[in-house]
1. Contact order normalised by length for the chain, with contacts defined as Cα pairs under 8 Å and 6 or more residues apart; what percent is it?
2. Scan around ARG60 for amide H atoms under 5 Å from its own, H built in the peptide plane at 1.01 Å from N, and keep only partners 5 or more places away or cross-chain.
3. What whole-number distance in Å separates the alpha-carbon centres of the range 9-48 and the range 62-118?
4. Counting Lys +1, Arg +1, Asp -1, Glu -1, what net charge surrounds ASP22 among other residues with beta carbon under 10 Å of its beta carbon?
5. Per residue of the range 44-52, what does 6.51 cos²θ - 1.76 cosθ + 1.60 with θ = phi - 60° give for ³J(HN,Hα)? Whole Hz please, x for Gly and Pro, Karplus curve as stated.
6. Which ³J(HN,Hα) values in Hz, rounded to whole numbers, follow from the phi angles of the range 12-27 under the Karplus curve 6.51 cos²θ - 1.76 cosθ + 1.60, where θ = phi - 60° and Gly and Pro get x?
7. Work out from phi, with θ = phi - 60° and the Karplus expression 6.51 cos²θ - 1.76 cosθ + 1.60, the ³J(HN,Hα) of each residue of the range 114-119, listed in order in whole Hz, and give x for Gly and Pro.
8. What's the magnitude of the charge dipole for the chain around its Cα centre, counting Lys and Arg as +1 and Asp and Glu as -1 at the beta-carbon? Answer in Debye, nearest 20.
Amino acid sequence: MATHGGFSVRGAGAVKIRSSGDAEIVTPSGRRCGLKLDGRLLEGIARAVRSARPKRWHSRYFLPDNPTGCCDQVSTTLALIRSVGRAETRFVTGWFDESRQLAPRDALAVHDAAMEVALTHEGCRSD
């Protein structure tokens, strides 16, 4: 999950989480921090991913009268990669601040679980 745009143009940061529990957080200032998720956080992500139905996701959610997210909105991109053996399937969706309510609940659940990881990691809080 990554963000960009907004007043700072840098968004609200990014989070990459692997099923192994390894994660990388990028703060809005650009600082990168690696961590190993504890069981509670990893289970929250796993539960959201298991419940996700990404084949139903649209590539982008936006309001018809503002397809570019003007002006100064944060843009969120959510990518979910599922691996079976050596085969990978990538699903990508996204939205702007004002169109978040159009995104499906399962995509928002994955996003929110990822954001919880970013917000609870002491060593990598926004600066």
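1. Relative contact order of the chain: 30 percent.
2. Here GLY94 satisfy the definition.
3. So the separation of the two Cα centres works out to 15 Å.
4. +2
5. Result, ordered by residue: x, 5, 4, 5, 5, 5, 4, 7, 5 Hz.
6. For the range 12-27, the Karplus curve yields 10, x, 8, 9, 10, 10, 9, 4, 6, x, 6, 9, 10, 10, 10, 6 Hz.
7. Karplus values, whole Hz, x for Gly and Pro: 5, 5, 4, 4, 5, 7.
8. Dipole about the Cα centre, nearest 20: 600 debye.
Every number in this text was worked out from the coordinates using simple rules, so none of it is lab data. All values reported here derive from a predicted model rather than from experimental measurement. Don't worry about glycine lacking a Cβ; one is built from the backbone with ideal geometry, like all the others, and counts go over all protein chains shown.
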